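**Q** Here you go, one structure.
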Amino acid sequence: MDNAFGTALAPIPQKTKKATARIAIVDVKDATRAILSECFRQFGIESVVMTANAAERLRKEKFEACVIHLGPGAPAVMEAVRTSTSNSRMVIYGLGGSAQEAMRYSKYGINAIFHEPVERSAALKLVRATNMLVLHEFRRYVRIPVITEVAVQTPSKKITATSVEVSSGGMSLRCAEDVGTGQTVEVSFALLTLPRVWVRGNVTWKKPKHSFGVKFDPADERRQKLKEWIDAYLES
């Protein structure tokens, strides 16, 4: 589930799709905005530049997603998004530093991060991995990218991790500590309108840079609350 965050990628093809969705680009410098707009355009997503009036526009106008620079003005814009009737479930891309830094905004449910300085190949790979969620092609997209703090209880200790993607069957995470495969763990986290849940699972894979995957125990009835939340998220 963590294969959306590599670096190598072929050049962007010149052919583009007809725009079928809109993404707001908020408080982003011209050079970075040009790269992001080009990447989204390849998948039929039209970029709309916003500056000082972003929060007000995002309360009233319908957008499928937004890119928000994680600076001083970000909380007000994200609050406007998540309290908007039409945009409360939109995909939010953060633009800034590490996933750990983005945890300051975790209550707003940031879905993914463009790291600065933005490189075209890495940006396109992230857009390619998440564009189906933006375009509401949910039949082909069963994993939701979302960054939130996750408490992981292993047999020997409790660690703090950051989620990458989540589904009703499991989740991928990153943390600063090494987690071995085969371990039984219990994860605990909250997602936007989903109150904190606890789910038992097993670590089924790990990759370099401390990323690993947890498969939820099908017999754990607590998983049902997460499944219901994901179903509602994809249907909204």
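**Q** For region 131-151, which residues satisfy the criterion of being of a type in the set (A, V, I, L, M) and surrounded by fewer than 17 Cβ atoms within 10 Å (Cβ to Cβ)?
**A** Once the filter is applied, which keeps residues that are of a type in the set (A, V, I, L, M) and surrounded by fewer than 17 Cβ atoms within 10 Å (Cβ to Cβ), region 131-151 yields M132, V142, A151.
**Q** To continue, here is another question. Within the group A161, A176, A123, which residue is surrounded by 15 or more Cβ atoms within 10 Å (Cβ to Cβ) and outside any strand (DSSP E or B)?
**A** None of the other options fit; the residue is A123.
**Q** What residue, of T184, T154, T193, is more than 29 Å from F40 (Cα to Cα) and loosely packed, with under 14 Cβ neighbours inside 10 Å?
**A** T184
**Q** Looking only at region 109-120, filter to residues that are aliphatic (A, V, I, L, M) and under 10 Å from the mean Cα position of the chain (by Cα); which one of those is surrounded by the fewest Cβ atoms within 10 Å (Cβ to Cβ)?
**A** I113
**Q** Between a first residue in region 165-177 that is farther than 10 Å from K227 by Cα and a second residue that is assigned to a strand (DSSP E or B) and basic (K, R), which pairs have beta carbons less than 8 Å apart while being 6 or more apart in sequence or on different chains?
**A** G170/K215
**Q** Quick one: in region 138-158, of everything that is more than 16 Å from the chain's Cα centre (by Cα) and not in a strand (DSSP E or B), which residue is nearest to D231 (Cα to Cα)?
**A** Once the filter is applied, the top-ranked residue is R139.
**Q** Hey, can you tell me all the residues within region 21-44 that are out of contact with any Cys (no Cβ under 9 Å at 6 or more places or on another chain) and either in a strand (DSSP E or B) or touching a residue at least 60 places away in the same chain (Cβ under 8 Å) (or both)?
**A** A21, R22, V28, T32, I35, L36, E38, C39, F40, Q42, F43, G44
Residues checked against (1) touching a strand residue (DSSP E or B) at 6+ places or on another chain (Cβ under 6 Å); (2) surrounded by 18 or more Cβ atoms within 10 Å (Cβ to Cβ):
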site: V67; (1), (2): yes, yes
site: P75; (1), (2): no, no
site: M78; (1), (2): no, yes
site: V91; (1), (2): yes, yes
site: G94; (1), (2): yes, yes
site: Y105; (1), (2): no, yes
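Quick note: the coordinates plus some simple rules give every number you see, no bench work behind them. Note that this is a predicted model, so its numbers are computed, not measured. Don't worry about glycine lacking a Cβ; one is built from the backbone with ideal geometry, like all the others, and counts go over all protein chains shown.
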